[in-house]
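Single-structure report; data block below.
The values are calculated or read from the model by the stated rules, or taken from the named source; none is laboratory data. The structure presented is a predicted model; accordingly, all values stated were derived computationally and were not measured. Glycine gets a Cβ as well: all are built from the backbone with ideal geometry, and neighbour counts include every protein chain shown. Protein only, heavy atoms only, side chains kept; ligands, DNA and RNA dropped before computing areas. Shrake-Rupley method; radii C 1.70, N 1.55, O 1.52, S 1.80 Å.
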Amino acid sequence: MNSTTELLRSTGHGAILELSILCDMVSAEAGQRLQSQFERAIATRSGGISRVRLDVSRVVAMSSAGFEALLRLHRTCRDAGVELRMSQPSAEFMSLLTRMGFDRLFPIDARASA
């Protein structure tokens, strides 16, 4: 993946900041870039945002750097007093999240979108 490829979309909906990972394979390089993009999105959120929903519906594989980015996002949200929820992981990615213990860090809405 080249460094100009967009990795994250950020949109606000009332009190919810919606972050969407836009790639299917989160490489080590992409994981490092996601980490800085996550931090920037949380740091620049409006004061009314109390919840972050991370859409991972496109993700099928993730490097250790990607999981580190998720862990840091969790910590950043916790430290900011913002609830973090993950939404719409594929069955394959949900299995990986469970094996890695991420299902114990924050809620994961495993329902597929209609």
Quiz item: Across the stretch 60-83, which residue is least open to solvent (accessible area, probe 1.4 Å) among those that are under 21 Å from Gly48 (Cβ atoms) and part of a loop (DSSP other than H, G, I, E, B)?
Solution: Val82
Quiz item: Which residues, counting only those in the stretch 13-40, are open to solvent by 60 Å² or more (accessible area, probe 1.4 Å) and either under 21 Å from Glu92 (Cα atoms) or assigned to a loop (DSSP other than H, G, I, E, B) (or both)?
Solution: Gly14, Asp24, Met25
Self-check item: Residue tally, condition surrounded by fewer than 14 Cβ atoms within 10 Å (Cβ to Cβ) and either of a type in the set (S, T, N, Q) or under 9 Å from the mean Cα position of the chain (by Cα) (or both), over the stretch 84-100
Solution: 1
Quiz item: Of all residues in the stretch 84-112, how many are in a loop (DSSP other than H, G, I, E, B) and not aromatic (Phe, Trp, Tyr)?
Solution: 9
Practice problem: Give the residue that is surrounded by the fewest Cβ atoms within 10 Å (Cβ to Cβ), with candidates limited to residues of the stretch 42-57 that are under 11 Å from the mean Cα position of the chain (by Cα) and not β-branched (Val, Ile, Thr). | Solution: Ser57
Quiz prompt | Close pairs from the stretch 56-81: first touching a residue at least 60 places away in the same chain (Cβ under 8 Å), partner in a helix (DSSP H, G or I) and open to solvent by 60 Å² or more (accessible area, probe 1.4 Å), Cβ under 6 Å, at least 6 apart | solution = none
